[in-house]
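Working notes for the structure below.
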Amino acid sequence: MAAKKEPHFSYRNCVSCSICVQACPVGALDLTRPGKSGRYRNFFPELVNDRCIGCSMCAKSCPMECINMTAVFDGE
Amino acid sequence: MKSCTGKILKVDLTAGTTSVEKIPDEIYEAVLSGKGLGAWYLYKNIPAGADPLGPENILGFCSGALTGTGAFMTGRWTVVCKSPLTGGWGDANCGGVFSSAIKQCGYDAIFFSGISEKPVYLYCDNKGAEIRDASGYWGLDAVESENRLREDNSRGKKPCIAVIGQAGENLSLISGICNEGGRIAARSGVGAVMGSKKLKAVVLAGSKPMPCADPDAVKALSKELGRKINKMWIPKGLGGGIGLMGVGMGKSPLALPMDGSMTAYLFREWGTPSNTPLAVTSGDGPLKNWSAGPNEVHGMRLAMDYNPEKINKIEEAKYHCYSCPLGCGGRLDISGIDYSEYYETHKPEYETLQAFGPLCVNRDLRSVLYMNELLNRAGMDSISAGNTVAWAIECYENGIITKEQTDGLELKWGNYEAEIELLRKMISREGFGNDLADGVKRAAEKYGGKEYAMHVGGQEPGMHDTRNDPQLGIHMVAEPAPGKHTIGMSIQYGAMSLCDICSWAPPATLHPKSEDLEPTENIALISKANACYSMLFDGIGGCYYAEMMGVHMYKAIEYINAAAGWNYDGDHYMEIGARIQTIRQMFNVKHGYEPSKVKLPKRMQGMPPLKTGPLKGVTLKNDEQVAAHWKAFGWDEKTGHPLPETVEMLGINRLMEM
């Protein structure tokens, strides 16, 4: 079964800076996930389409180290 | 410079061609990128006497030297050109996401020359640049244009788009350039220059990696800053007390150096609207077209009308510019405003709130939210438009302008319905509005009331009163793009602690406010330090609010060294700031803009002084302070022209040969 990596976000330390969104070379991310940063309403990054190529550019770019690349398998 | 691409894109709109130019590394060493790169390029390439709305003018979109390196708060992009508003150097600065998009196309800046025969837009991605027909978008407002352009170019990565609205298309001299649904590079009439070139938009969809010498070191600095900011919060409901704080500040005979972290706390909670009630009661914000103290306009009531908690109540979510952990922006739900055809708007900045609220003695916050959206969509500068509307109201109240001339509008203090209608006319250049669409200087030349026309060298001043902060008065005049409020203030200097990175910058002290009025060498060094640090931030694409956090919270010097692979100290970087400022002033001299002829309006100098309030009796010694500022820069203290030995010492002659 072919394994591919995709970003997994830990929003606790995320500051919604969108550095990861811009770093993505294929436009797979956007700041669209509603949530809270402390008590402030905010939007956080998430995968918004199936374009992710697992390149890890988002994870490498994140200053707050909120993104881990995790393996996913076909059919998941 | 390892944090820059080393290339610029040049677009000739007359010929319909594009080309790429490599920039020598020495240029980045000398002026960084952003406004510095723009100043170098425009000084060299715009011929003296060029018509600002003609083909010889060049319009540049510049990213910052730190944009895309992982450095927080470096997502500002700067638009540069010869200003049609002042006839001299022009620039405007904006947040959003566009700065990183320039670099992801593989360039540090994009420069447009010439004039297209028909409306066009530039599309650029990893494969290259292409000039495309924009006839189908011409006439649409900035938000609608941006949405449609994004839809029509959605095959690859979501594009970032800079666009003009109707104000820029109509060549309004107070128009700007928008991105992200209405964030606007507003000053200097840059929108009119874009409109004159028939350039509707710049659409960028590149995805190239952005360079950085030591990304791990940069990320470590950002992580430290991000963690601090993430822990900041202010208990709910305290916004109503800000006006009272302003009363205390206004009454105090002493100027207090503020801690830089205060900026972060206030702006994280409320954004810049946190300043409005404070400005109304402390003397910082101009009232009734710069003519009144707080008591004359029921200041405490006005302060409560603009309590930022009211804005937080309708905030749907925070808005963050690229690389910003603070999020001083926000998206507001304005569907409750019955006469609004729009449901949402960007949170207005303090400048807009003050300009259409207290400056016009308008107590209706909702009307200002609506006007904010009108201006953002049209792409019109709210500072310039607000000063112009306030002038019109004062002229009307004093019988200088009649109801017939205003097309029937009852321009009275606080009549927000008339304000809205006048704005609509200004945006569409209809009737009386047509005469106001080019700013207050030109309007007063036609109708009179010059004593009520607040402009500095043709540009309307930002919403901070020079009588409250004489340091600001120096910069409003001495700044090569006059009237700007973002170059330096006393309160900002106190927060920045520049003496800890710069050997010649004086320490900020607790001192009597009256000392700030004197034309001393100490005050001149403070104003020079303010201007140099501000230019440094414009070179790196840094945000003004990062600057205001101070050197201990926002470690700009460490950031630049890590991103560029350099190891310079603060003095070196302050000299870069002085070099950028000197080139901008040389641009003015080259184009016949005489700095010594630029004066603050008498009212802004306290001539005559206000009779009530915190600024009662204050009169500036602005001419003497400006002369001392020029001298500190190594410019002629009488003319403001950079002296040959200063130009030589800064190595500018050599740069211009490259």
Extreme residue, positive dipole direction of chain A, given options A:CYS58, A:THR70, A:THR32 (C-beta unit charges) | A:THR32
Mind running the shape call on chain B? Use the C-alpha gyration tensor, a ≥ b ≥ c as the square roots of the eigenvalues: rounded below 1.5 for a/c, prolate if a/b tops b/c, oblate otherwise.
-> rounded
Per-residue mean of C-beta atoms belonging to partner chains within 10 Å, peptide B:316-328 = 5
Lys pairs under 25 Å by Cα in the stretch B:35-139, provided they are eight or more residues apart or on distinct chains = 9
Please work out whether the stretch B:529-658 counts as rounded, prolate or oblate from its C-alpha gyration tensor, where a ≥ b ≥ c are the square roots of the eigenvalues and a/c under 1.5 means rounded, while otherwise a/b larger than b/c means prolate and anything else oblate?
-> oblate
Do any GluC sites (Glu not before Pro) in the stretch B:358-451 lie in a DSSP loop with no more than 15 other beta carbon atoms within 10 Å, and if so, which?
-> B:GLU404, B:GLU410, B:GLU430
Only loop residues by DSSP count here, and only those with at most 11 other Cβ atoms within 10 Å; note down the trypsin sites (Lys or Arg not before Pro) in the stretch B:193-257 that meet that.
-> B:LYS231, B:LYS236
Shielding of A:20-30 by partners, i.e. mean partner chain Cβ atoms within 10 Å per residue?
-> 5
Calculated [θ] (222 nm, deg cm²/dmol) that DSSP helices of n ≥ 4 give over the protein assembly as shown, each run adding -39,500 (n - 2.57) | -10500 deg cm²/dmol
Report the calculated FRET efficiency for B:TYR342 and B:ASP623 (r = Cβ-Cβ distance, R0 = 45 Å), to the nearest 0.05.
-> 0.50
Let me know the mean shielding of A:58-65 by other chains, meaning the per-residue number of their Cβ atoms within 10 Å of its Cβ.
-> 5
Sorted by average packing, counted as other Cβ atoms within 10 angstrom per residue and highest first, what order do B:287-294, B:650-657 take?
-> B:287-294, B:650-657
By the C-alpha gyration tensor axes a ≥ b ≥ c (rounded if a/c is under 1.5, else prolate when a/b exceeds b/c, else oblate), the shape of the protein assembly as shown is rounded
Cross-link partners among aspartates and glutamates for B:LYS441, C-alpha distance below 14 Å, same-chain residues fewer than 8 apart left out?
-> B:GLU451, B:GLU460
Among the trypsin sites (Lys or Arg not before Pro) within the stretch B:505-560, which fall in a DSSP loop and have no more than 15 other Cβ atoms within 10 Å of their own Cβ?
-> none
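Read-outs throughout are calculated quantities, based only on the coordinates presented, and are distinct from any laboratory measurement. Just so you know, these numbers come straight off a predicted model, no measurement behind them. All Cβ positions, even for glycine, are placed from backbone atoms using ideal geometry, and neighbour counts span all protein chains on display.
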